[in-house]
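The values are calculated or read from the model by the stated rules, or taken from the named source; none is laboratory data. Everything quoted here is computed from the prediction, not taken from an experiment. All Cβ positions, glycine included, derive from the backbone under ideal geometry; neighbour counts span all protein chains shown. Remember, those area values only see protein heavy atoms, side chains included, never the ligands or the DNA or RNA. Shrake-Rupley method; radii C 1.70, N 1.55, O 1.52, S 1.80 Å.
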Amino acid sequence: MKYKIIKIFRRDTVSEVKKIGLMTSGGDAPGMNAVIRAVTRSAVVENIEVYGFLRGFAGILDKEYKKLTYSDVGGIMERGGTILRTSRVPEFKVPEVRKKAADILKDLGIDVLVIIGGNGSLTGGKLLAEEQGISVVGVPASIDNDIAYTDMSIGVDTCLNTVVDAMQKLKDTASSHERAFIVEVMGRTSGYIALMSGLAIGAEAIIIPEVPTDYDALAEKMWDERKRGKINSIVVVAEGSASAYTVARHLENRIGFETRITILGHIQRGGSPTAFDRILASRMGNEVVKSIKDGNFNVMVGLSKNDLIRTPLEKVLSENNKLDMEIVKLAGILS
C-alpha cells in the first residue's frame, strides 16, 4: 500500500530550527512529564528554544504558553500527569480553527510543533501539516496502547501496574468472602489493558471489544469452577465491550452468582510513572530532537523491538494497534 505524504520536507541543518512548540493533548498518561523534560533538555543542548503550550491545542488558540528552560523541567520526571496540563478541543476539527492555530504558531516563530498524545491529538497535528504547512513531530502517549507503529505508548506500563495492584487486592477480598468480582477497566476500542492485566493476575474471564462474549459459556465455566471448589473469581471487562453491571446481571441471572462490581476509572491514568515509562519517555523525547536535527518532520517517534523508529503520521493514523491473538488464546488457556 502506498502512502502519500503531504508537506513533509527536510532542512539541511538544525540551525534553521530556532524555536519548537511543545504540548500534551487528550487524555493524560504517566510519563508525559518525562517526555517534556527530555525534549526540553535535548533541545536546549542544541541551542533550540522550547515553548510549552498549556492545555494542548487550546493553549495555542488562547495564546497561553511559556518558555521552558533546562532548569524549568528539573524534578518533573517522577510526577504523574503533565505540567503543561491537557484538554480535548473538539472545535479543532473545524478547518478555520486549525488555520487560526497555524497563524498563531507562525506569528510566534514556531518552527516545529511537538505533540505528545493519542490518535486524536496526532490527527490534529497531521491536519496542521497537510493544510497549513506546520512541521510536526509526534510522541505516542495513550494508556490504551492503541496507537500503531509503536510496541508501547507512554503510560501503558504504569497503567498496567496500577490495574494489577488494584485487582490483586480485590482478589484477596474475593477469596475471603467467596465472591466473584467484576472489574471494569479503561479501553473504549482496545482491550489491551483488560487482556494484559487479566493475564497477569490470573483472571477467570477477560471481556474485550475484539472478541465476542458468549455469556452462557462464561456462566457455565464459572459455575463448573465453583463446583470444583474455586472460592474466588475475577472477571475483567474493558469498558468498550460491556458495562460491568451488564456482565454482573448476566452471571446473576444465569447462575445466581453474588457479584461485586469495581470500576477503576481514572485512577488508571494517575501515579508516578514506572522505571520503564520514564526510560521510554526519555528515549522518545531525545529522539524527537534528533528527528528535528535530521530535518525529519511530520512523523511519530515509536518503539519497535527496543529500537526507536520514525513513521509518517499519515501511515500511523491509517490503522490501529492490534492485539496479539496468541496472547488472547494464552489468557483463555490459563484462566
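Mind listing whichever residues of the stretch 161-190 are under 13 Å from the mean Cα position of the chain (by Cα) and open to solvent by 30 Å² or more (accessible area, probe 1.4 Å)?
Within the stretch 161-190, ARG188, THR189 meet the criteria.
Before we move on, is ASP151 closer than 23 Å to LEU308 by Cβ, under 17 Å from the mean Cα position of the chain (by Cα), in the same structural domain as ARG79 (by the TED database) and surrounded by fewer than 24 Cβ atoms within 10 Å (Cβ to Cβ)?
Yes.
Look through the stretch 289-335, keep the residues that are among the aliphatic types (A, V, I, L, M) and in contact with a Pro (Cβ under 9 Å, 6 or more places away or on another chain), and return whichever of them is nearest to ILE147 (Cα to Cα).
Filtering the stretch 289-335 for residues that are among the aliphatic types (A, V, I, L, M) and in contact with a Pro (Cβ under 9 Å, 6 or more places away or on another chain), the one nearest to ILE147 (Cα to Cα) comes out as VAL316.
List every residue pair whose Cβ atoms lie under 7 Å apart, where the two residues are 6 or more positions apart in sequence or sit on different chains, the first residue falls within the stretch 13-38 and is over 24 Å from GLN268 (Cβ atoms), and the second residue, located anywhere, is at pLDDT below 95 and open to solvent by 10 Å² or more (accessible area, probe 1.4 Å).
Between residues of the stretch 13-38 that are over 24 Å from GLN268 (Cβ atoms) and residues that are at pLDDT below 95 and open to solvent by 10 Å² or more (accessible area, probe 1.4 Å), the close pairs are VAL17/ARG11.
Across the stretch 226-252, what is the number of residues that are of a type outside the set (Ser, Thr, Tyr) and either exposed (fewer than 15 other Cβ atoms within 10 Å of the Cβ) or out of contact with any strand residue (DSSP E or B) (no Cβ under 7 Å at 6 or more places or on another chain) (or both)?
The number of residues fulfilling the criteria is 11.
Can you find even one residue in the stretch 96-105 that is in a loop (DSSP other than H, G, I, E, B) and either open to solvent by less than 10 Å² (accessible area, probe 1.4 Å) or assigned by the TED database to the domain that holds ILE279 (or both)?
no
Which members of the stretch 258-273 meet the condition of being out of contact with any helix residue (DSSP H, G or I) (no Cβ under 6 Å at 6 or more places or on another chain) and either assigned to a helix (DSSP H, G or I) or open to solvent by less than 20 Å² (accessible area, probe 1.4 Å) (or both)?
GLY265, HIS266, ILE267
So which of GLY52, GLY80, GLY56, GLY27 ends up being in contact with a Leu (Cβ under 7 Å, 6 or more places away or on another chain) and either at pLDDT below 95 or outside the structural domain of THR162 (by the TED database) (or both)?
The match here is GLY52.
Any residue in the stretch 220-228 that is closer than 23 Å to MET325 by Cα and of a type outside the set (A, V, I, L, M, F, W, C)?
yes
Only one of ILE193, ILE208, ILE255, ILE201 is outside the structural domain of ALA148 (by the TED database), open to solvent by 30 Å² or more (accessible area, probe 1.4 Å) and among the β-branched types (Val, Ile, Thr). Can you tell me which?
ILE255
If you take the residues in the stretch 56-95 that are touching an Asp or Glu at 6+ places or on another chain (Cβ under 7 Å) and without any contact (Cβ under 8 Å) to a residue 60 or more places away in the chain, which one is surrounded by the most Cβ atoms within 10 Å (Cβ to Cβ)?
THR82
Is it the case, given these coordinates, that SER135 is surrounded by fewer than 16 Cβ atoms within 10 Å (Cβ to Cβ) and either in contact (Cβ under 8 Å) with a residue 60 or more places away in the chain or in the same structural domain as ASP151 (by the TED database) (or both)?
no
Take the residues in the stretch 111-132 that are among the β-branched types (Val, Ile, Thr) and open to solvent by less than 20 Å² (accessible area, probe 1.4 Å), then tell me which one is farthest from ASP157 (Cα to Cα).
Once the filter is applied, the top-ranked residue is VAL112.
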